[in-house]
Amino acid sequence: MGLLRSVTARRLWHGLALLLLGSGALAAPTPVSEYQVKAVYLFNFAQFVEWPAAALPGDSAPFVIGVLGKDPFGTALEDVVRSEAVNQHPLAIAHYRSVAEIRNCQILFITASEVAHLDGILTALKDRSILTVADALEPGQHGVMIELVRQESRIRLRIDLQAAKAADLTISSKLLRPAEIVGPRS
Amino acid sequence: MYLGHPARSSARRWQASLICLMLTLFVGQPAVGAGDTIASTGDLKRLSVEELMNLEVTSVTKEPQKLLQAAAAIYVITRDQILRSGARSVPDMLRLAPNLQVAQITSSTFAVSARGFNGTAASKLLVLIDGRSVYTPYHSGVSWDVQDVLPEDVERIEVISGPGATLWGANAVNGVINIVTRKSSDTQGPMVDAGAGNLEQRGSVQYGGQLGAAVHYRAYADSFHYGHNLTADGMNAQDDWRKTQGGFRMDWAPPGDLITLQGDFYGGSETKSPPPDQSASGQNLVARWNHDLGRDSGLQVQAYVDHLLFSLPGIATDELYTYDLDVQHSFYIGKRQNIVWGGGYRLQYDDFPTVLSATQLLTFIPKDRKLALGNIFVQDTVAIMPTVKLILGIKAEDEPYTGWQELPNARLSWGLSDEQMVWAAVSRAVRAASRLDRDLYEILGPLVVIRGGDFQPEKLTAYELGYRAQTTTDTSVSVSTFYNVYDALRTAEYSPGGQLPAMFANLMEGETYGVEAWGTYQVRDWWRLDAGASWLRKNLRFKPGSAQIAGTAIAGDDPSYQASLSSTMFFARQGLFYLGLRQVGSLPDPASPAYTGLDARLAWDLSPSLQVSLQGQNLIHSQHLEFGTAVAPLQLGATGVETGRSVFGRVTWGY
């Protein structure tokens, strides 16, 4: 009982300290728009995923984040990648209407309009080291490497490690640790 | 606590939180310079992945994708809407839904319904708070004076007009209100909210914390005094009331599970004229287990205990114990079919002793009764084509007094495009008999005026059609129409031969039809408009053999139309101005004229965790009637008491 009380007291002190520092803002972070956050996630993926050397463009060719289908980001993606670079490759955004259009691309966001044809898309991307990302899939669909799942008012990550490994991509523990990892489904 | 500005966060706020991170976590963060006016995207890029995952994201609805597919007329009142409008009581929060009719009767009583049949004993609405049903079995209605949720703790309120899907069961005839509170992990830290005005004084405190990594909790206490409403000639209606409530919620989230324990207790009293005053107290405890079974299937088990005590000393007491257990299992067959099935059992002990006197003639016989309600249900959702979903469901319910009822429903949703869908539904719903329908006696000396009869459940077959479009995250429109065929509606009839005693029977039937529409429009990134309107036509008639006592008006008192418009504006990075206008049509019987209500609220963030605000309600008329004059039949509860203008100043600290 004594231990519990001292632990609780410590937590109350901690809470009071946070309080005095005006950290009410920490308790309930300021909301931002959903696609702004998703755009920043894509930016983060560029830094926390390792591509095999063969999949990266030469020299100072751009590192491409592609959007397949009807773009839900508005200007958010452009805003995020402006003047940014990854390992000397400037970041660029590309919009595709079909998988056939994809040339140099490292990250591909599959939009809601295309997710219905997911199986065909993933098959076409099979031997390329492209990190596939999408919003939460319908139950029964899988194969996308990172799902941006909306849980109440937060965006969480659901990572399919198997799919990433199959594409020869290594995902940093910085992304894996806070994410939900999904395993193979039969 | 925040203003919730969707597109512009104050650089100062980011600076404050980054400084705090430095001090408490000793992690080096690049400080945002004082002169920086970096777009929020720049600030976001500096966050770690953990911080990104904890960011709150704004949207009109909880899950735009899912809402777009719901084959029902569902309006979601978001937490944002509640906080911005300043609504504190549950009826005030419900006024934000354009598909509900909310009418204030006295300071503490309200008539709330959807699609007609409104009255204090409005019986056709199912109301749940975190899965706990809050209707009172003695009249199948809801005592709004004992249901309180802190606005900061509301995650969302789902308002479905129309028969709830088979999952919800009895009394979900005209609608379902589902109040969902936030998980404890979303209400961490301290919060104090206090305010006073010409009509109301209120204060609440809450603290949320953590016991280890996976257990979060919160505890709160809330107290208010709500002043009197006014009689038609502006005098004190002697109906002020006060209540104190406290409670807690604890969530434990080991991987794959969510176990929640929550409870509340409250006590309050309402001045009545003539005395005595009525007091109410209650306690409840809810335990819930959500288990992830893998492969997108899940199990939910919920049990709760609820105790409620109303007391009018010297006249009557109502003590109600409720014990409820519900189980629900959801799983997928292949990629296109989702089955949800389950069942539940509810046991209620209602004890309603009455002291009969010259002025108090009504009583329940027997004074105490045990009511048992059992149900099993199954619902199958099939994606018969990628854009077409068919939902077939059936629930069988064993009701107190009358036994088994079958409640089938069929729904179809068709996605016209990513942003638009149409839906159609046919359902059967039933309003179970209550103690009022079966056990009520009115005794005048040796004469029995009313006696408990053989009341059967009221029936509804509903045909609905709707269209919904969500063009961007913040702009949407929804239109629903319905055609309801009612049978076995409650009437009061004489004993054979036209003799007393009278009793409740089921000799009314009819049709109602109408349209409900609402939309939101983001005019600028700092200005949003919400609009809603509903129309209702009723065509009710007595069946042959009915004594037609009190006319078809006894079914409910409803306006033929209702419209609302609200505007939310953000300014100067710290300010919020909210304006809410509503126009409610006249009520036929008991009569009350159409009225216009205007609410306004001005709020200012003195700091990220301190907000002051001033709000006014019903600003146009010095007083107005919402629900009809005092001469009214028993079930409707009208008193002729009017609602006055009110202003309220408030300080909120914390989140």
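Here, each number is a calculation from the coordinates, and none is a lab measurement. On a predicted model such as this, the values are computed, not experimentally measured, just so you know. Neighbour counts are summed over all protein chains in view; Cβ atoms, including those assigned to glycine, are modelled from backbone coordinates with ideal geometry.
What separates the Cα centres of the stretch A:63-101 and the stretch B:468-506 is a distance of 54 Å.
Ranked by Cβ crowding within 10 angstrom, fewest neighbours first, how are B:ASP186, B:ASP487, A:ASP127 ordered?
Values: B:ASP186 22, B:ASP487 15, A:ASP127 9.
So the residues, fewest neighbours to most, are A:ASP127, B:ASP487, B:ASP186.
Our coupling estimate for the stretch B:320-334, obtained by passing each phi through the Karplus curve with A = 6.51, B = -1.76, C = 1.60 and θ = phi - 60°, is 10, 10, 10, 10, 9, 9, 9, 10, 9, 10, 10, 8, 10, 10, x Hz, Gly and Pro reported as x.
In deg cm²/dmol and to the nearest 500, what is the mean residue ellipticity at 222 nm of the protein assembly as shown if only DSSP H runs of at least 4 residues count, each as -39500 (n - 2.57), divided by the residue total?
-3500 deg cm²/dmol
Annotation for the stretch B:582-629 versus the stretch B:147-207: alpha-carbon center distance of 19 Å. Can you tell me the 0 to 90 degree angle between the C-alpha axis of helix B:11-25 and the longest principal axis of chain B, rounded to 10? Tilt of helix B:11-25: around 80 degrees. Pairs of Cα atoms nearer than 8 Å and 6+ residues apart set the relative contact order; for chain B it is 12 percent.
With a ≥ b ≥ c taken as the square roots of the eigenvalues of the C-alpha gyration tensor of the stretch B:133-292, please select rounded if a/c is under 1.5 and otherwise prolate if a/b is larger than b/c or oblate if it is not? All intermediate terms of the calculation are to be shown ahead of the outcome.
Working: a/c = 2.40, a/b = 1.43, b/c = 1.69.
Oblate shape, in that a/c is at least 1.5 and b/c is the bigger or equal ratio.
Normalized C-alpha radius of gyration of the stretch B:326-399, against 2.2 N^0.38 Å?
1.91
Apply the Kirkwood formula to the stretch B:402-487: the hydrodynamic radius equals the inverse of the mean of 1/r over all pairs of different alpha-carbon atoms; give it in Å with one decimal.
Working: mean 1/r = 0.0605 Å⁻¹.
Evaluated on the stretch B:402-487, it is 16.5 Å.
A Cα-only calculation for chain B places Rg and Dmax at 25.2, 89 Å. Counted over the protein assembly as shown with a bin width of 10 Å, the fraction of Cα pairs per bin, in whole percents, is 2, 12, 21, 25, 20, 11, 6, 2, 1, 0, 0.
Using only Cα atoms, what Kirkwood radius does the stretch B:251-340 have, in angstroms? Don't skip to the answer; put the middle values down first.
Details: mean 1/r = 0.0617 Å⁻¹.
Answer for the stretch B:251-340: a Kirkwood hydrodynamic radius of 16.2 Å.
Loop sites by DSSP among the trypsin sites (Lys or Arg not before Pro) of chain B, restricted to those with at most 13 other Cβ atoms within 10 angstrom, leave B:336-655 as the longest stretch without any of them. Between amide H atoms placed 1.01 Å from N, distances below 5 Å from A:ARG150 occur with A:ALA136, A:ARG156, all of them 5 or more places distant or on a separate chain. Here is the tail figure for the stretch B:291-344: Cα pairs spaced more than 16 Å apart come to 61 percent of all pairs.
For chain B, what is the charge dipole size about the Cα centre, in debye to the nearest 20, if Lys and Arg each add +1 at the Cβ and Asp and Glu each add -1 at the Cβ? Walk me through the intermediate numbers first.
Numbers: 53 positive and 65 negative charges, 214 e Å.
Its charge dipole is roughly 1020 debye.
With contacts taken as Cα pairs under 8 Å at a separation of at least 6 residues, the stretch B:296-445 carries a relative contact order of 17 percent.
Look at the dipole of the protein assembly as shown built from charges on Cβ: of B:MET421, B:TRP604, B:LEU371, the Cα furthest out on the positive end belongs to B:TRP604.
Please quote Rg/Rh for the stretch A:68-186 to two decimal places, taking the Kirkwood radius as Rh and restricting both calculations to Cα atoms.
Values: Rg = 14.3 Å, Rh = 15.2 Å.
Reported Rg/Rh (Cα atoms, Kirkwood Rh): 0.94.
The stretch B:389-425 and the stretch B:308-385 have Cα centres separated by 21 Å. Its Cα gyration tensor gives the stretch B:171-223 an equivalent ellipsoid; the semi-axes, largest first and in whole Å, are 26, 23, 7.
What is the sum of charges, Lys and Arg at +1 and Asp and Glu at -1, for the other residues whose Cβ falls under 14 Å from the Cβ of B:ASN198?
Numbers: positive: B:ARG202, B:ARG645, B:ARG650; negative: B:GLU200, B:ASP240.
Local charge sum for B:ASN198: +1.
Treating the beta-carbon of each Lys and Arg as +1 and of each Asp and Glu as -1, no other charges, what is the dipole magnitude of the protein assembly as shown about its Cα centre, to the nearest 20 debye? All intermediate terms of the calculation are to be shown ahead of the outcome.
On the way: 71 positive and 83 negative charges, 203 e Å.
Roughly 980 debye for the protein assembly as shown.
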